[in-house]
Amino acid sequence: MPQHILVVGGGVGGTIVANLLARSLHRQEAEISLIDSTGMHAYMPGWLYLPFNRVETDDSQLIRPERGLLNNQVHLVTGEVQHIDTRNRELHVRHTLDKDEIVGTGGASEATYPYDYLVLATGARLVLSDLPGLMEGEGKWHHFYEAQAALRLREALHRFEGGRIVITVGGIPYRCPPAPLEFTFLLDEWLRKRGLRERTELHYLSPLPRVFPIESVAEVATPLLEERDVKYTVFFNTEAVDAEHRVISSLEGEEIAYDLLVLVPPHRGAKVIEDSGLGDEQAWLPTDHGTLEVKGLSHVYALGDATDLPVSKSGSAAHFEARVLAQRLIAVVRGEEPEPEKATYDGEVMCFLETGRNRATQLVFNYEHPPRPPRPSQYYHMEKLLFNRAYWHIVPQGLL
Amino acid sequence: MPEQTEIAIDKEIDARGSFCPGPLMELIRGMKTLPVGGTLAVLSSDPGSARDIPAWIQKARHEFLGAFPEQGYTRFVARKTH
């Protein structure tokens, strides 16, 4: 009897793990299904560039159908998981109409999917109501953490004729710690090219004692900010936004006025995690740092942004986690003991940090070794650009 | 400074091996969802935490209850005061 493995979430982590499982496990060993709410797969790092260039939100560099990225042996179900029942080991799913590839349900709009093993790759969502002022001020502040929002930011930048732009985060944790700093460097460059830099004050706010969590990176980034005349304030934990009067305030008691605000919205785990009573107060899943099992549950694993692991919420972490989780699940399905070196996550992450002017650095680290970022160079910038394109051909498929 | 054994911990975050975003961000995240009066312990193997964590707690006007060395890491304990 084949084991049923369900993967919830068709982002980079879910897609890689489904593909690796399908390539290794025979049909008699396991049936692998992936459930995704939209059936589309987005390359989120691409949104950072959307405010600055002419690519459209439906460009194939930014989004593609999930079906084309999946091994033929993976059943794709397009629908929203309404409830995760870990006691009976089943998911209640509401299918998205007109886009179904449903196996064995006769086209029903809702169905129950039993599982033997469950992988929750449900990601993170933006929750505006977690920061006072964001909902009321919608349209009067900006971000690039969704394609449409990045487009609205592009429009706002095109209308911008000078003043103060404030860049910061509205909650912790958030996806991709480098992104706000990268955006600042790219914005500085863009304003200079448009002849607006002299009329613009850029102000970067960090909740930490320095401009970036990693000290060695902050030591590189801070002089670059100073050299480009970007003002920065540390120990600024955003408490509220008054979009009407254009003021952002911190829990440390500081208030800063702005003309344009770019703010990373607060994040939480997926709604279904919250509704199913599985996560912590922000709906992150308590996850074992090495085995990726969800604590307190059996036969349930988590990876990517959905976990509470103390690694950056990034595609890179999800990618490395997916590789070891696939090894673990292959062993478990076969009744074998997972090999610790191959089936245990060691905290590995590799990501780029753009510093503008065609330069970038690279952060490589794991639980044992902190990053030692090289001096920003054109080499790493080119590597990042190449990766942005190569992604679609080698990453979701599990070939890297 | 109270003895570690006297402090009841409401929430513990294991941030050992965390470099990005790092133990300080884990502490800020933990404090955010803690009820007022609650205590949080963060485990860190990052030497920078010895400076970063007490500094942030002081700046955010919470109560720093101590840094307790263990085998290969330190347990930082704080109480949320507002």
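Just so you know, all these numbers are worked out from the coordinates, no wet-lab data involved. What you are looking at is a predicted structure, and each value in this text was computed from that prediction instead of being measured. A quick note on method: Cβ atoms are made from the backbone with ideal geometry, for glycine too, and the neighbour counts reach across all protein chains shown.
Go through A:313/B:80; A:271/A:295; A:271/A:313; A:313/A:384; B:11/B:80; B:11/B:32 and tell me which ones have a Cα-Cα distance over 22 Å in this structure.
Over 22 Å apart, Cα to Cα: A:313/B:80.
Between beta-carbons, use under 11 Å as the cut-off and find the net charge around residue A:43, counting Lys and Arg +1, Asp and Glu -1.
+1
Once you have the Kirkwood Rh of region B:12-79 from its Cα pairs, apply Stokes-Einstein at 20 °C and 1.002 mPa s and quote D in µm²/s.
After rounding, the answer is 185 µm²/s.
At 7 Å along the Cα-to-beta-carbon direction for both residue B:6 and residue A:96, put a label point, then send me their distance in nm to one decimal.
For the pair residue B:6/residue A:96, the computed spacing is 5.7 nm.
Please tell me the relative contact order of region B:12-79 in percent, rounded to the nearest whole number, where contacts are Cα pairs under 8 Å and at least six residues apart.
Worked out over region B:12-79, it gives 34 percent.
Averaged over peptide A:202-210, how many Cβ atoms belonging to another chain are found within 10 Å of each residue's Cβ?
Counting other chains' Cβ atoms within 10 Å and averaging over A:202-210 gives 3.
Can you give the direction-averaged projected area of the convex hull of the alpha-carbon atoms in the protein assembly as shown, in nm²?
22.8
Which whole-number percentage describes the relative contact order of chain A, with Cα contacts under 8 Å and a sequence gap of 6 or more?
Working: 846 pairs, mean separation 73.6, N = 400.
Rounded, it is 18 percent for chain A.
Provide a whole-number value for the mean count of partner chain Cβ atoms within 10 Å of the Cβ atoms in peptide A:323-331.
0
Please identify the helices of chain A, taking whole runs of DSSP H, that span at least 24 Å along their own axis as judged from the Cα atoms and have a mean Kyte-Doolittle score of 0.0 or higher. Don't skip to the end; give the middle numbers.
On the way: long enough: A:315-333 (26 Å, 0.85).
Correct list, ordered by number: A:315-333.
Testing the spin-label approximation: label points 7 Å from Cα along Cα→Cβ at residue A:382 and residue A:337. State their distance in nm.
4.8
Check each of the chymotrypsin sites (Phe, Trp or Tyr not before Pro) in region A:285-349 and keep only those in coil by DSSP with at most 11 other C-beta atoms within 10 angstrom; list them in order. Numbers along the way, then the final one.
On the way: sites: A:301, A:320, A:345; in loops: A:345.
Answer by residue number: there is no such site.
Viscosity 0.890 mPa s, temperature 25 °C: Stokes-Einstein D of region A:247-288 from its Kirkwood Cα radius, in µm² per second?
189
Helix-derived [θ] at 222 nm for chain A: sum -39500 (n - 2.57) over DSSP H runs of at least 4, divide by residue count, nearest 500?
It comes out at -7500 deg cm²/dmol, rounded to the nearest 500.
Can you give me the Kirkwood hydrodynamic radius for region A:220-317, using every pair of distinct Cα atoms, in Å to one decimal?
Here the Kirkwood hydrodynamic radius works out to 16.7 Å.
Gap in Å between the Cα centre of region A:331-400 and the Cα centre of region B:52-69?
Here the two parts' Cα centres lie 33 Å apart.
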